[in-house]
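K.L.:
Got a structure for you, written out below as structure tokens; questions coming shortly.
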Amino acid sequence: MQIDLSIFNPKARSLIGLDVSSSSVKMVELGSDNKGGYRVERYAIEVLPRDVISDGNVVNLEAAAESVRRTWKKLATATRHVAIALPTSHVITKKIIVAGGQREEELEVVVESEANQYIPFPLDEVNLDFQVIGPAPSSPDEIEVLIAASRKEKVEDRVAVAESAGLKPVILDVESYAVLSAFELIEKRLPDPGKGNIIALVDVGANVMNLTVLRNGQQIYAREQAFGGNQLTQDIARSLGISFEEAEAEKRRNNLPEQCETELVQPFREAMALEISRALQFFFTSTQFSRINHVVLAGGCAVIPRADEVVASRTQIDTIIANPFADMVLADRVRSKSLLADASSLMVACGLALRRFDT
């Protein structure tokens, strides 16, 4: 099965950003507001049954495809073109320096030759793509090129989920790149968007917490820790005697009894703040940097009430909840209150939906 997908360059007239994580399926469709900005046309979230996706791998294709199909029906759109993303852990990326002035065909040969050195699999087992970043910092006669590669089976699994749901994948991205695309919209709204600011983007998902530290829009540090919201969901399900999926839905709706808030949510919030504080300490001790200007909380756990307050108190750093839609116009069908509650968990889907506007 040959997958004709480009990670970097394709453009689709109408496009859905499709994010299939370990806990849910998320879709976002964006349009233009005719003033150079964006409009949120529609979005939808569907809780994914447990163990359908594990460690980024598709374990149950039929169940994943069925959840994607239900999410698409909930979205109520005619658009079937989707941008999908691979987990960052499934993609090998490498920046290389090559001679400038080469034709596309020549560059492909050079990239394949270079890729052989960095990719621990035979090239016929991987999907390989590259993008010219620009002139090399060290020499005007050379260019910097970003190579991205993933095992074909990983790509084919993600494509199969979308196609089995009746959708057409036209763009393949990487989750970390999609998040950074959405983050650019947030960065503009920070209180002091001057040069030199160091921003910690903390994405707390179902099983994993990712810390990405950025300076002037460039990643300077990344760390992954095993911590996520599934533990809280399991505790809620056990406490209330309901299924994991029901507990996840109630947690997302912030519709829990007061006892759960006191006995489960509050300790989890404190534990999350402690994990974030520890991750930031690792950053300080392993780099030359000694300050963070802002913490931006993303992921499903960011919507837990008062999460930003507790993190700010623990770290003593200005903390906000990620909302890439803050400056966007909303279509009539999109409820602003619901979107505000869900925004932090839609970073990947939003970043993928933005690919519609690539030039």
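K.L.:
So which residues in the range 95-124 are within 22 Å of LEU172 (Cα to Cα) and either assigned by TED's automatic domain parsing to the domain that holds ILE171 or in contact with an Asp or Glu (Cβ under 8 Å, 6 or more places away or on another chain) (or both), if there are any at all?
P.N.:
Residues satisfying the conditions are LYS95, ILE96, LEU123.
K.L.:
Of the residues VAL132, VAL91, which is surrounded by 13 or more Cβ atoms within 10 Å (Cβ to Cβ), more than 29 Å from VAL68 (Cβ to Cβ) and within 25 Å of the chain's Cα centre (by Cα)? Give the steps one after another, and end with the answer.
P.N.:
On the way: VAL91 fails: more than 29 Å from VAL68 (Cβ to Cβ).
Exactly one of VAL132, VAL91 is surrounded by 13 or more Cβ atoms within 10 Å (Cβ to Cβ), more than 29 Å from VAL68 (Cβ to Cβ) and within 25 Å of the chain's Cα centre (by Cα), namely VAL132.
K.L.:
Could you tell me how many of the residues in the range 329-357 are assigned to a loop (DSSP other than H, G, I, E, B) and either outside the structural domain of SER22 (by TED's automatic domain parsing) or small (Gly, Ala, Ser) (or both)?
P.N.:
The initial filter retains those residues of the range 329-357 that are assigned to a loop (DSSP other than H, G, I, E, B), namely 331-335.
Retained after the next criterion (residues that are either outside the structural domain of SER22 (by TED's automatic domain parsing) or small (Gly, Ala, Ser) (or both)): 331.
Residues flagged as assigned to a loop (DSSP other than H, G, I, E, B) and either outside the structural domain of SER22 (by TED's automatic domain parsing) or small (Gly, Ala, Ser) (or both) within the range 329-357 amount to 1.
K.L.:
Any idea how many residues of the range 270-295 are crowded, with 20+ Cβ neighbours inside 10 Å and within 26 Å of PRO49 (Cβ to Cβ)?
P.N.:
1
K.L.:
Further, regarding this structure: Checking the condition at pLDDT 95 or above, in a loop (DSSP other than H, G, I, E, B) and either closer than 23 Å to ILE236 by Cβ or not aliphatic (A, V, I, L, M) (or both), which residue from PRO305, PRO324, PRO267 passes?
P.N.:
Working: PRO305 fails: at pLDDT 95 or above; PRO267 fails: in a loop (DSSP other than H, G, I, E, B).
The conditions single out PRO324.
K.L.:
Return a yes/no flag: does the range 75-84 have any residue that is in a helix (DSSP H, G or I), in contact with a strand residue (DSSP E or B) (Cβ under 7 Å, 6 or more places away or on another chain) and not assigned by TED's automatic domain parsing to the domain that holds GLY205. Walk me through how you get there before you give the answer.
P.N.:
First, pick out the residues of the range 75-84 that are in a helix (DSSP H, G or I): 75.
Narrowing the set further to residues that are in contact with a strand residue (DSSP E or B) (Cβ under 7 Å, 6 or more places away or on another chain) leaves 75.
Among the residues that remain, those that are also not assigned by TED's automatic domain parsing to the domain that holds GLY205 are: 75.
The answer is yes; a qualifying residue exists.
K.L.:
Could you tell me whether the range 211-230 includes any residue that is surrounded by 21 or more Cβ atoms within 10 Å (Cβ to Cβ), modelled with pLDDT under 95 and either outside the structural domain of GLU261 (by TED's automatic domain parsing) or in contact with a Cys (Cβ under 6 Å, 6 or more places away or on another chain) (or both)?
P.N.:
There is at least one residue in the range 211-230 that is surrounded by 21 or more Cβ atoms within 10 Å (Cβ to Cβ), modelled with pLDDT under 95 and either outside the structural domain of GLU261 (by TED's automatic domain parsing) or in contact with a Cys (Cβ under 6 Å, 6 or more places away or on another chain) (or both).
The values are calculated or read from the model by the stated rules, or taken from the named source; none is laboratory data. This structure is a prediction, so every number in the text was calculated from the model and none was measured. Ideal geometry is used to build each Cβ from the backbone, glycine not excepted, and the neighbour counts take in all protein chains shown.
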